[in-house]
1. If I go through region 341-375 residue by residue, how many of them are touching a strand residue (DSSP E or B) at 6+ places or on another chain (Cβ under 7 Å), of a type in the set (A, V, I, L, M) and either within 20 Å of GLU446 (Cβ to Cβ) or in contact (Cβ under 8 Å) with a residue 60 or more places away in the chain (or both)?
2. Looking only at region 114-132, count how many residues are away from the ligand (no atom under 16 Å from the Cβ) and crowded, with 23+ Cβ neighbours inside 10 Å.
3. Residues that are within 16 Å of the ligand (Cβ to nearest atom), at least 1 per element: which strands (runs of 3 or more DSSP E) completely within region 328-429 meet that?
4. Looking at LEU383 and the list (1) within 22 Å of ALA17 (Cα to Cα); (2) surrounded by 23 or more Cβ atoms within 10 Å (Cβ to Cβ), which single condition is not satisfied?
5. Go through region 387-401 residue by residue and tally those that are surrounded by fewer than 23 Cβ atoms within 10 Å (Cβ to Cβ) and of a type outside the set (Ser, Thr, Tyr).
6. Kindly indicate whether any position in region 269-291 is within 16 Å of the ligand (Cβ to nearest atom), in contact with a Gly (Cβ under 6 Å, 6 or more places away or on another chain) and either in contact (Cβ under 8 Å) with a residue 40 or more places away in the chain or of a type in the set (A, V, I, L, M, F, W, C) (or both).
7. Only one of (1) part of a loop (DSSP other than H, G, I, E, B); (2) among the small types (Gly, Ala, Ser); (3) within 16 Å of the ligand (Cβ to nearest atom); (4) touching a residue at least 24 places away in the same chain (Cβ under 8 Å) fails for GLY325. Which number is that?
8. Considering every residue within region 419-432, establish whether at least one is buried (at least 21 other Cβ atoms within 10 Å of the Cβ) and of a type in the set (A, V, I, L, M, F, W, C).
Amino acid sequence: MTTIEFSNELKWGAATASYQIEGAAHEDGRSPSIWDTFSHTPGNVKNGDHGDQACNSYHLYKEDIQHLKELGVDLYRFSISWSRVMPEGTGSLNEKGVAYYRSLIEELLNHNIKPMITLYHWDLPQTLQDRGGWENRATIVAFEEYAEAMFKEFGGQVKSWITINEPWCASFLSNYLGIHAPGKKDLQAAVDVSHHLLTAHGKAVQSFREIVPDGEIGYAPNIGWLEPFSADVEDQDACRRGMLWQKEWFMDPVFKGSYPEELILLFEKQNAFLKIEEGDLELISQPIDFMGINYYTGSLGRHQENAGLFQVEEIPLDYRQTDIGWPIYADGFYKALTDLKETYGDIPIYITENGACYNHGVEDGKVNDQERIDYLKQHLTSLYRAIKAGVSIKGYIVWSLLDNFEWAEGYEKRFGIIHVNFETFERTRKESYYWYKNTIEKQRFEIT
Ligand code: IFM
């Protein structure tokens, strides 16, 4: 038996996002976001699911916070629904929407749980999409206005902020691969969106320094780990291109003030051009206080002529997969974290998301999700190794507190450590909840 023990400095948390859990889509002045439109368009989301009710957390947030309290977490990462607090996308605030988040924050603070707010977890107000969405630079200005308003409303109480969640998903998955809202398949649009998201991040960081000088701010890119299938140069190159797309495209501008040239050229060959205006890169590369990392999966990459833009075929080899079909590669987590330190230096990191999809149901009042516990153990062991290797890890935040609306996969795919019955909204704590609680309490766990 081996014990993995963490220091008291590591902060523990759980995460959710507004559209995935809140529901109350038509209540108290909220206007539609791109995800309301997308999910209500037939064919976009499995089983025609949508977030109208989701977990009903808008009404049940006190119960959810009670679960967080008993879990013993230091912090709760949640996101604000832009269209709930600012229904027009810009301009006046919706007092009822603001009041909801104020109550949520107060309830968290009353229970000694630190709120960590994500400003943008993909639910752009539809009214902004109607004016071009993230393809239009005006949305950068709108985001700055929204961010400033939120810093002013909540910055007195909330000191940890994330600008953008998973910019790769919000740009390429949504605008090039067409899988997420707004569902476009246009490389130029995706390249524009990626740059505008990062510029919006920079604008928000700039305002944050003025309004919340005693707070910390970062962003939360997702990375998967891709390593070459063989020593073959073609496989090595294919992997490098795949990683450039996920990692360097979204991190070089922030930490080095430039985009990777190889990718700019590759996009240009497809007639998609990176359009940078004066001052953008300075904004984007302003110092931030931490990097958020969302890690779930890794694969081997092999060169394959017909495998998309980057000609990299992902081969899971014999890695086991979670119920969403993502290979489990915990060692890739260690490799990704140590690689980040080598590439960008000693930047403090929060693991802003890590977790697994397993779709167990409730049996005799229990949810026995041993596979999720195994996944968490393996990834926390990799995290521990990364800490030992000198990576500065501030915190670990599990995805997710609750089973929720898993975007294009609807409600079938469950990532929660708490089971949600989507008809009654009843919550049932899974075995992984109890395992995580015990780990937080003792700051350690055993592996056999
Ligand atoms: O549910 C999502 C979350 O919204 C963003 N990161 C990945 C999770 C699992 O797909």
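1. 3
2. Residues of region 114-132 away from the ligand (no atom under 16 Å from the Cβ): 114-115, 125-132.
Next, from what is left, pick out any that are crowded, with 23+ Cβ neighbours inside 10 Å: 125, 128.
Looking only at that region, the number is 2.
3. Details: elements: 349-353, 393-399, 418-420, 427-429.
Once the strands (runs of 3 or more DSSP E) in region 328-429 are filtered for at least 1 residues that are within 16 Å of the ligand (Cβ to nearest atom), what remains is 349-353, 393-399, 418-420.
4. Checking LEU383 against (1) within 22 Å of ALA17 (Cα to Cα); (2) surrounded by 23 or more Cβ atoms within 10 Å (Cβ to Cβ), the one that fails is (1).
5. So the answer is 7.
6. If we filter region 269-291 for residues that are within 16 Å of the ligand (Cβ to nearest atom), which is where we start, we get 291.
Among the residues that remain, those that are also in contact with a Gly (Cβ under 6 Å, 6 or more places away or on another chain) are: 291.
Then keep just the ones that are either in contact (Cβ under 8 Å) with a residue 40 or more places away in the chain or of a type in the set (A, V, I, L, M, F, W, C) (or both); that gives 291.
Yes, the conditions are met somewhere in region 269-291.
7. Among (1) part of a loop (DSSP other than H, G, I, E, B); (2) among the small types (Gly, Ala, Ser); (3) within 16 Å of the ligand (Cβ to nearest atom); (4) touching a residue at least 24 places away in the same chain (Cβ under 8 Å), the lone unmet condition for GLY325 is (4).
8. Yes: one or more hits.
Values in this text are rule-based calculations from the coordinates and carry no lab data. These figures come from a predicted structure and were not determined experimentally. Counting neighbours? That spans all protein chains shown, and the Cβs are built from the backbone with ideal geometry, glycine included.
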